[in-house]
Amino acid sequence: MEIINVYSLGDKAAFLVMNTSNNQLMELVYKNGRFTGVHSLNFSLEKYSQVHWNGEYWLLQKGLGPVVELYIYNSTLKHVKTFVNGTICAYNDLRIQWNGGEYLLTFLKSSPNDNPATGECDYPTDMYLLRNDKLIPLNVSGTMTWVPPIKEWFATGVDWSEDDKVEKIALINETGGVVFLNVTLPGLYSSEIAYNGSKAWLVLVWAEGNLTHIEVYWLGRNVARRVYHEDANGSIGIPIATWGNWPQELAWNGNPILIQSTGILNDTVLIFNRTGFLRVGTFSNCSELTPVSVDGRVFILCMEAGGKRRVTIMKLFAIKGSKKELVRTFMTSGYPYRYGVRDFLGFPAFKERNDSSLILYTHDSIVLFNSTHTMDLLTGERTPIPAGLRGRNYNVAYCSGGWLLFTKSEVYTLKDGKFAELKLTISFAGEATNGTTSSPVNTQSGENTIPLSKRALALIITGVVAVLLLLALHGRGR
């Protein structure tokens with residue numbers, strides 16, 4: 001059995017595996033520490049890339065551009081749409097986001113001004129909502145972000161339907177209804193979304209001369225109301241949305257945070273307290289600052305400038321009220337890639353490379369993964385990784401309150417600081433049918449078994465009869 005990848009929804013996951021003896025592709029559903037079902041998959045890995053698994057069906061993509069085909073696979077293959085005339089400026093012309101209910105599709109189209117050599121690319125877009133198998137065209141373009149508190153998509157960018165490029169902001173509901181907001185956008189600006197459990201904000205920042213203008217809007221369903229304005233001296237950036245890692249545009253989950261540059265490698269962090277921005281501290285010698293939200297608490301990851309070759313020094317700070325507090329200083333292998341697990345539910349597992357590190361955070365944890373150990377950054381607990389993974393590239397998925405670390409041939413679970421090997425022992429895998437087959441787990445060994453097929457049972461009975469016949473003949477000879 002060769003593991004292609006794992007697609008986790010948090011409470012369950014799909015192992016995409018292949019039986020290398022007959023090239024049969026299968027989906028193994030994993031939940032609560034055991035495999036609960038297996039399905040054969042009748043599509044080719046050579047033709048289709050597996051973009052997403054939502055627990056009911058697979059979203060498959062054929063081609064990267066300028067022509068891209070999109071399919072749904074649910075026992076059978078269904079064509080959704082063929083996108084044509086994609087841009088030559090992007091590696092993948094189709095961007096896909098998922099909010100737990102429907103997909104947002106953004107297709108990057110070509111433009112006469114595209115010039116990858118100089119980086120001059122316009123990126124006009126076609127946008128759609130995909131709800132089950134229904135495709136809904138959207139009369140918007142630009143950058144889209146799902147905002148959970150108001151259950152709407154937020155769109156900001158260029159409206160190419162006008163004679164000239166016009167910057168617009170809109171909110172889109174789950175059925176594709178679009179409401180354009182009456183928000184004035186300056187020529188050069190940065191717009192970001194921040195939200196907590198019940199509130200959502202739009203933050204606009206733009207520079208004009210030596211001043212930086214800041215505006216904060218409260219977002220409701222189909223409405224935006226300005227609640228704050230300030231003209232500040234100096235340069236201010238907004239890290240409330242980390243860089244856009246495909247396939248999601250990530251929004252900051254928490255109250256808005258600003259980072260004000262007060263000199264080279266000297267930044268001041270300000271946090272919005274619903275009436276204004278509160279100064280919480282200055283961070284020195286940090287080449288990158290990353291805000292992290294865990295269980296309602298705010299943390300800042302600081303990547304220190306300089307350091308030894310292939311080693312990065314990191315610091316984790318907690319933000320408590322209007323003060324910062326150092327939680328831990330630690331080292332990582334190479335460059336530390338940082339992701340929020342909840343932003344990638346149903347997408348392929350994270351990759352840990354030997355020359356870098358992964359920092360993944362969930363609703364209640366921040367965990368470092370590298371080539372030798374894992375580390376809970378909140379408690380400081382270090383756990384050596386199993387010998388089968390040590391010094392190798394591996395993948396990481398979060399499922400059922402624990403972690404799955406795997407290569408093509410090995411899987412380990414990590415929970416409560418302890419590793420355990422997860423065996424993939426599946427009888428007659430090539431004979432798996434489209435239906436779900438019960439797959440109980442032996443809780444002592446962790447080994448998965450599937451009931452014997454009729455053919456296997458017949459072979460066993462034939463063998464037993466042959467042995468009894470030989471014994472009878474041997475006794476007669478005596």
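Some values worked out for this structure:
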quantity	calculated
Candidates Q97, Q61, Q50, filtered to the one that is open to solvent by 20 Å² or more (accessible area, probe 1.4 Å), touching a residue at least 24 places away in the same chain (Cβ under 8 Å), within 28 Å of S8 (Cα to Cα) and in a strand (DSSP E or B)	Q50
Residues of the range 64-80 that turn out to be part of a strand (DSSP E or B), open to solvent by 60 Å² or more (accessible area, probe 1.4 Å) and not hydroxyl-bearing (S, T, Y), as a count	4
Residue in the range 375-397 that is farthest from the chain's Cα centre (by Cα), counting only those that are in a loop (DSSP other than H, G, I, E, B) and of a type in the set (S, T, N, Q)	T379
Residue match in the range 188-206 (condition: modelled with pLDDT under 85, surrounded by fewer than 14 Cβ atoms within 10 Å (Cβ to Cβ) and in a loop (DSSP other than H, G, I, E, B))	yes
Any hit, the range 137-150, residues being modelled with pLDDT of 85 or more, of a type in the set (A, V, I, L, M, F, W, C), surrounded by fewer than 19 Cβ atoms within 10 Å (Cβ to Cβ) and over 30 Å from F277 (Cα atoms)	no
Matching residues, the range 359-405, being buried (at least 18 other Cβ atoms within 10 Å of the Cβ), within 15 Å of D416 (Cβ to Cβ) and not hydrophobic (A, V, I, L, M, F, W, C)	T374, Y398, S400
Positions within the range 293-340 being over 22 Å from G281 (Cα atoms), surrounded by 14 or more Cβ atoms within 10 Å (Cβ to Cβ) and among the β-branched types (V, I, T), in sequence order	T312, T332
Criterion violated by S284 - all others in (1) farther than 21 Å from L368 by Cβ; (2) in contact with a His (Cβ under 8 Å, 6 or more places away or on another chain) satisfied	(2)
Options V269, V292; residue that is within 29 Å of the chain's Cα centre (by Cα), at pLDDT 85 or above and closer than 29 Å to Q97 by Cα	V292
Count - residues of the range 207-225 that are in contact (Cβ under 8 Å) with a residue 12 or more places away in the chain, open to solvent by 10 Å² or more (accessible area, probe 1.4 Å), in a strand (DSSP E or B) and within 19 Å of V179 (Cα to Cα)	4
Any hit, the range 157-175, residues being assigned to a strand (DSSP E or B), surrounded by fewer than 14 Cβ atoms within 10 Å (Cβ to Cβ) and free of Cβ contacts under 8 Å to residues at least 12 places away in the same chain	yes
Residue pairs meeting the criteria (Cβ under 8 Å; at least 6 apart or on separate chains; first in contact (Cβ under 8 Å) with a residue 40 or more places away in the chain, in the range 121-140; second surrounded by fewer than 19 Cβ atoms within 10 Å (Cβ to Cβ) and part of a loop (DSSP other than H, G, I, E, B))	L129/E174; L129/T175; R131/G101; R131/E174; R131/T175; I136/T175
Extreme residue, most open to solvent (accessible area, probe 1.4 Å), among residues of the range 6-28 that are in contact (Cβ under 8 Å) with a residue 60 or more places away in the chain and within 15 Å of L345 (Cβ to Cβ)	D11
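The values are calculated or read from the model by the stated rules, or taken from the named source; none is laboratory data. Quick caveat, the model's predicted, so the values are computed rather than measured. Neighbour counts are summed over all protein chains in view; Cβ atoms, including those assigned to glycine, are modelled from backbone coordinates with ideal geometry. Calculation scope for accessible area: heavy atoms of the full protein, side chains included, ligands and nucleic acids excluded. Shrake-Rupley method; radii C 1.70, N 1.55, O 1.52, S 1.80 Å.
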